[in-house]
Amino acid sequence: MLEIRRPHILAAGFAALALTSVATPGQSIARGKELFERRCGGCHSLDRDKEGPRLRGVYGRVAGSVDSFQYSEALKKSKITWTDATLDKWLTDTEKLVPDNDMSFHVEKPDERGEIIAYLKQSSGK
């Protein structure tokens with residue numbers, strides 16, 4: 001049986017591994033921007049309405065409140081304020097959060113949802 005006599009070497013190795021797997025806030029925002037552009041950019045822009053409403057300032061905004069965009073009645077009536085929690089639920093399953101809304105889309109991976117939300121939050125000045 002192998003006995004490890006130098007636990008500090010093992011601990012240092014685990015610490016190095018942990019440090020390499022942690023993203024810095026700047027990296028997370030950059031990754032969030034990339035994910036937003038790839039996953040959301042077909043229908044959304046930060047600064048102009050497309051098939052979906054513009055999303056700069058979405059964090060902290062009440063759902064369905066951009067005057068220049070025509071939302072579903074369900075979303076307008078939802079009275080949801082977009083926060084980390086509500087955006088995560090929305091990106092997980094739009095229909096479950098707001099039945100009969102016009103957006104049929106989801107982001108399956110929780111880490112990707114988090115990075116997109118962080119990007120939207122930062123883009124909203126929060």
**Message:** Yes or no: the stretch 92-109 includes at least one residue that is open to solvent by 20 Å² or more (accessible area, probe 1.4 Å), closer than 17 Å to G32 by Cβ, without any contact (Cβ under 8 Å) to a residue 40 or more places away in the chain and part of a helix (DSSP H, G or I).
**Reply:** yes
**Asked** Right, G60: free of Cβ contacts under 8 Å to residues at least 40 places away in the same chain and either surrounded by 17 or more Cβ atoms within 10 Å (Cβ to Cβ) or not charged (D, E, K, R) (or both) or not?
**Response** no
**Complete:** Flagged pairs (Cβ under 6 angstrom, 6 or more apart or on separate chains; first in the stretch 27-53, closer than 17 Å to D67 by Cα and open to solvent by 50 Å² or more (accessible area, probe 1.4 Å); second at pLDDT 95 or above and assigned to a helix (DSSP H, G or I)) are none
**Asked** Does K77 count as touching a residue at least 40 places away in the same chain (Cβ under 8 Å) and part of a helix (DSSP H, G or I)?
**Response** no
**Message:** Can you confirm whether K126 is closer than 27 Å to A30 by Cα, part of a helix (DSSP H, G or I) and open to solvent by 20 Å² or more (accessible area, probe 1.4 Å)?
**Reply:** no
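The values are calculated or read from the model by the stated rules, or taken from the named source; none is laboratory data. All figures in this text were calculated on a predicted structure; none of them were measured in a lab. No Cβ is skipped: glycine too gets one built from the backbone with ideal geometry, and neighbour counts run over all protein chains shown. Ligands, DNA and RNA are stripped out before the accessible areas are found, and what is left, the full protein with its side chains, is counted by its heavy atoms. Shrake-Rupley method; radii C 1.70, N 1.55, O 1.52, S 1.80 Å.
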